[in-house]
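The values are calculated or read from the model by the stated rules, or taken from the named source; none is laboratory data. Predicted model, so just to flag it, every value in this text is computed and none were measured. Here the Cβ is made from the backbone with ideal geometry for all residues, glycine too, and neighbour counts use every protein chain on show. The accessibility values were calculated without ligands, DNA or RNA, using every heavy atom of the protein model including side chains. Shrake-Rupley method; radii C 1.70, N 1.55, O 1.52, S 1.80 Å.
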Amino acid sequence: MNLLQVRKMMLFTAQKMVESEPELTALDQIVGDGDHGIGMKRGFSSIIELLQDEKFQPTDIGDFFIKIGTKLMTSMGGASGAIFGTLFRTGGKSIAGTMELNSEVFAKFLNDGWQGVYQRGNAEPGDKTMVDALAAGTKSANELTTLPLNEALPIIAKSAMEGAEKTKQMVAVFGRAKNLGDRTIGHMDPGAVSMAFILKYMNDYIHMQ
Amino acid sequence: MRKPKKLLNDPNNVRQEVMQGLVYAYNGKLTAIPDYCAVYGNHISNDQVVVISGGGSGHEPTFAGFIGEGGIDGCALGEVFTSPSPDQIIELTKATEKGNGVLFLYGNYSGDGMNFDISAEILAEENIVTKTIRATDDIASAPLSKLSDRRGVAGIMFLYKIAGAASQFEKYNLENLYQVVAKANANVRTIGVALDGCALPQSNNFNFELEENEIEIGIGIHGEAGLRRQAMTSSDEVVKEMIDRLCDDLPFQTGDHVCVLINNLGALSNTELLVITRKVGIELNNRGIVSHDIAVGHFCTSLEMSGFSITLMKLDDELQHLYDLPCQTLGWRK
């Protein structure tokens, strides 16, 4: 995928994330304070605005993702803004100068992005956070670097969703959900669902083309 | 199911309208940075360390309502129950800092921590020195063994008071200011209870609801689950349990001098608040704990949540001196 295609993919992804607000809000009302969906909607609405602005002309795919991350970080606030912003910023920095997004580049984006997220928030897999979806997706991506992106991405997205599903069984140790303890069992972490959705919608876009 | 009813305009504009309301309420003593939804006081002097706070809206007068002489200097307003973003904090810091360093003082929540940390990293690149205190007074949010995991609730008001007096009147340098506010934080304990939940402005549902005959002990200010949900009981019984838990946690002992805060979380009546205050007074007297000062009212609210919290701050000579200096803010005057 070239920069223009990646830009269109992210526009589609952002629109679908905005549409997912009610679902994410409903999840967060169970295990959090109900603002996750609203925050994601706010962040991705800003992304839509950014991507529809013709003056926004990033130089390469790395730069593109860095600027997406900065926009998320500054427009959303909250833990989600810091975490999802960091994912795109750190992942973007690691692929600076790239003009073609393929499976290998995408795996590097996810690996380094995950590292950035860890340094920011210290969450590890099993802590019932977005990291559970990100780690599962990244693990898949690392095994699929030789496949074309349109063959790897469905599997990456599916793994991330399975990672999100697994958070149902986990007890939250981060954020506002941690005080609920065992009461969080049975419910997916909203951040993990958002992470899985982002990869899912990227994949949906590629396969609509 | 009962639906929330609020007297608002566009729910997406709440924080901007709160900011504008603050500017009017401060009547010339507050400057807004509208593009970044941040405010600062017009009292800041060139020879002080600047104290900046921030956090989600929905807790008014916390956080921005404590800007003023003897209070904090600036505040970044997040969306309701959501931390501010780094660009807000960075712009506010640049607009207010005087070259003597900046103290970030806010509640210990993951989103606030990350966004203030990101801001501190970026400001450091521009040679602006910051130090950070995260208020951790909520005893119900984590056990004593994990004190650094505890969240900040109404007790942050006492930290603002100490920080504002030390920086503005006594001209503490950044390191000394950090030390005294850290000491105050270690001496403050809060516990809250809720009778019912609240609803976010964008939402048509309550975040949580308690049954008609239920009360939750140890609730957080975003409706975080507390220590125990139990059947409704008398005010005195609830207050006694809260004071017992507070006194066990620090512990507060006979002869201690404390400042007391009876905080309305939103929807309780003043009548109930005074009945609560009466029992707090009786319980502290019974323990031989001396109330140096008592504040009663709305200080750290949670939208329309029905409930209250009790905070105790143990004083030493330094804290008592700083506490007794004047304070002129919207949310609290002394």
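List of remarks:
- Filtered residue count, segment A:78-118, keeping only those that are small (Gly, Ala, Ser) and either more than 14 Å from chain B (Cβ to nearest Cβ) or in contact with an Asp or Glu (Cβ under 6 Å, 6 or more places away or on another chain) (or both): 8
- Among the residues making up segment B:180-236, those that are more than 14 Å from chain A (Cβ to nearest Cβ) and acidic (Asp, Glu) are B:196, B:211, B:212, B:214, B:236.
- Condition broken by residue B:52, with the remaining ones in (1) assigned to a strand (DSSP E or B); (2) open to solvent by 10 Å² or more (accessible area, probe 1.4 Å); (3) hydrophobic (A, V, I, L, M, F, W, C) satisfied: (2)
- A search for C-beta distances below 8 Å between a residue of segment B:1-14 that is more than 21 Å from residue B:196 (Cβ to Cβ) and any residue that is in a helix (DSSP H, G or I), counting only pairs 6+ apart in sequence or on different chains, returns B:9/B:17.
- Residue within segment B:309-332 that is at positive phi, open to solvent by 10 Å² or more (accessible area, probe 1.4 Å) and touching a residue at least 12 places away in the same chain (Cβ under 8 Å) present: no
- Scope segment B:87-127; condition more than 14 Å from every other protein chain (Cβ to nearest Cβ) and open to solvent by less than 20 Å² (accessible area, probe 1.4 Å); matching residues: B:93, B:96, B:101, B:102, B:103, B:104, B:105, B:123
- Check on residue B:32, over 24 Å from residue B:155 (Cβ atoms), over 15 Å from the mean Cα position of the chain (by Cα), modelled with pLDDT of 95 or more and outside any helix (DSSP H, G or I): yes
- Residue B:83 vs. criteria of a type in the set (Ser, Thr, Tyr), within 19 Å of the chain's Cα centre (by Cα) and open to solvent by less than 30 Å² (accessible area, probe 1.4 Å): yes
- Looking at B:122, B:128, just one residue is assigned to a loop (DSSP other than H, G, I, E, B), within 24 Å of residue B:35 (Cα to Cα) and not hydroxyl-bearing (Ser, Thr, Tyr), and that residue is B:128.
Residue by residue, here is whether (1) under 20 Å from the mean Cα position of the chain (by Cα); (2) open to solvent by 10 Å² or more (accessible area, probe 1.4 Å) holds:
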| site | (1), (2) |
| --- | --- |
| B:198 | yes, no |
| B:215 | no, no |
| B:218 | yes, no |
| B:240 | no, yes |
| B:251 | no, yes |
| B:256 | no, yes |
| B:265 | yes, no |
| B:275 | no, yes |
| B:278 | no, yes |
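- Only one of the listed residues (B:210, B:147, B:195) is of a type outside the set (Lys, Arg), assigned to a loop (DSSP other than H, G, I, E, B) and under 25 Å from residue A:181 (Cβ atoms). That residue is B:210.
- Any hit, segment B:133-143, residues being within 11 Å of another protein chain (Cβ to nearest Cβ) and within 18 Å of residue B:262 (Cα to Cα): yes
- Residue B:184 surrounded by 21 or more Cβ atoms within 10 Å (Cβ to Cβ) and among the aliphatic types (A, V, I, L, M): yes
- Enumeration of residues in segment B:144-155 that are within 14 Å of chain A (Cβ to nearest Cβ) and touching a residue at least 60 places away in the same chain (Cβ under 8 Å): B:151, B:153
- Single residue of B:235, B:291 found to be in contact with a Lys or Arg (Cβ under 7 Å, 6 or more places away or on another chain), surrounded by fewer than 17 Cβ atoms within 10 Å (Cβ to Cβ) and among the small types (Gly, Ala, Ser): B:235
- Residues in segment A:12-22 that are open to solvent by 40 Å² or more (accessible area, probe 1.4 Å) and either more than 14 Å from chain B (Cβ to nearest Cβ) or among the polar types (S, T, N, Q) (or both): A:15, A:16, A:19.
- Any hit, segment B:25-32, residues being open to solvent by less than 10 Å² (accessible area, probe 1.4 Å) and of a type in the set (Ser, Thr, Tyr): no
- Leading residue by the ranking (farthest from residue A:87 (Cα to Cα)) among those in segment A:158-209 that are among the β-branched types (Val, Ile, Thr) and not in a helix (DSSP H, G or I): A:185
- Members of segment B:57-76 found to be within 14 Å of chain A (Cβ to nearest Cβ) and open to solvent by 10 Å² or more (accessible area, probe 1.4 Å), listed by number: B:63
- Against the criterion of being in a loop (DSSP other than H, G, I, E, B) and either open to solvent by 30 Å² or more (accessible area, probe 1.4 Å) or at pLDDT 95 or above (or both), residue A:1 qualifies.
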